[in-house]
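The values are calculated or read from the model by the stated rules, or taken from the named source; none is laboratory data. What you see is a predicted model, and the numbers here were worked out from it, not measured in a lab. Cβ placement follows ideal geometry from the backbone for every residue including glycine, while neighbour counts extend to all protein chains displayed.
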């Protein structure tokens with residue numbers, strides 16, 4: 001039998017150097033790119049717990065002995081590797097259905113069209129940056145940042161499985177997401193105009209009612225979709241919000257707990273009229289089920305219909321933008337900044353400006369973080385300061 005010769009051990013050289021308060025080790029393997037490893041606090045910085053340069057070198061030597069360089073063991077394309085990554089996230093990591101849906105959309109619609117037939121080992125940092133620039137022409141920076149995050153996770157898993165030696169996505173910068181500090185709030189005139197612009201169809205009439213409930217009760221889109229008649233408290237005038245429907249999964253609403261929110265008379269009258277009209281009015285039926293079969297509405301379609309109504313109402317400026325279709329082609333459509341989520345802003349600003357306590361509005365809307373409520377601070381009336389100042393002016397101008 002031919003003798004089995006062991007592969008030669010890789011040649012490793014290393015050194016240590018101060019970096020800030022710590023020692024940092026640096027070593028190469030067979031002339032590869034240098035590897036860096038933190039070794040601990042310097043003794044001259046922390047005499048009690050720190051280590052000397054000699055001790056740092058000893059720690060580096062031990063690290064080198066146990067270090068195993070990633071070895072490229074297989075040549076596989078991006079689209080052939082993705083099912084392994086998806087199975088890992090779903091079966092081993094037990095990721096939620098909503099997370100898996102987001103991963104699927106990122107892979108199927110944005111990554112595979114660009115990298116599907118490419119070998120993972122052949123994808124470069126420049127390829128990733130070129131892809132991001134291309135996506136940013138038609139998508140929001142936050143969306144591209146999310147898709148890049150999925151790409152990063154895929155290559156991280158490929159490195160872990162020794163399919164590739166380096167995650168090139170990690171070498172790129174994520175798109176900068178600028179936080180919009182300006183709050184565009186719809187007033188009652190705007191809300192009425194958008195509702196009047198809804199189509200005179202079964203779905204259009206349902207949308208008209210949904211907008212009213214969202215703007216005057218503060219329900220999220222997912223909570224609107226999951227709301228059942230059993231949660232409408234006709235006698236007391238409250239709505240219980242105990243579920244949300246996100247990407248095919250009904251679960252606890254955002255914040256992981258239910259809440260109640262007041263139902264103003266204008267909402268109660270409109271909802272009761274709908275209750276008497278719809279054929280889906282049993283306690284377990286959805287309040288805003290699809291007009292045909294009573295099933296859950298599609299969140300994306302709901303948002304698109306809302307935007308179409310905003311455009312038709314003409315309450316905000318629009319611009320033409322490119323949108324990617326399912327077949328990969330693009331089409332020009334009117335774009336408007338307002339989205340269905342702005343109905344929540346309309347609710348909070350309306351309630352606060354009419355004297356409701358911020359703590360109550362926060363509870364009704366299900367905002368967990370007090371910081372989130374700070375964006376509405378300028379809607380909160382502070383009392384009778386204006387009257388007091390006017391009185392002061394009158395006193396100053398009064399004859400002595």
Could you check, for the range 171-189, whether at least one of its residues is outside the structural domain of residue 346 (by TED's automatic domain parsing), part of a helix (DSSP H, G or I), within 17 Å of the chain's Cα centre (by Cα) and without any contact (Cβ under 8 Å) to a residue 60 or more places away in the chain? no
For residue 367, are the conditions met, namely being in a loop (DSSP other than H, G, I, E, B), assigned by TED's automatic domain parsing to the domain that holds residue 261 and either crowded, with 19+ Cβ neighbours inside 10 Å or at pLDDT 90 or above (or both)? yes
From (1) under 22 Å from residue 200 (Cβ atoms); (2) surrounded by 15 or more Cβ atoms within 10 Å (Cβ to Cβ), pick out the condition that doesn't hold for residue 349. (1)
Which one is surrounded by the fewest Cβ atoms within 10 Å (Cβ to Cβ) among residues in the range 200-234 that are part of a loop (DSSP other than H, G, I, E, B) and in contact (Cβ under 8 Å) with a residue 24 or more places away in the chain? 234
Looking at the range 315-329, can you tell me whether even one residue there is in contact (Cβ under 8 Å) with a residue 24 or more places away in the chain, surrounded by 15 or more Cβ atoms within 10 Å (Cβ to Cβ), more than 30 Å from residue 108 (Cα to Cα) and not assigned by TED's automatic domain parsing to the domain that holds residue 105? yes
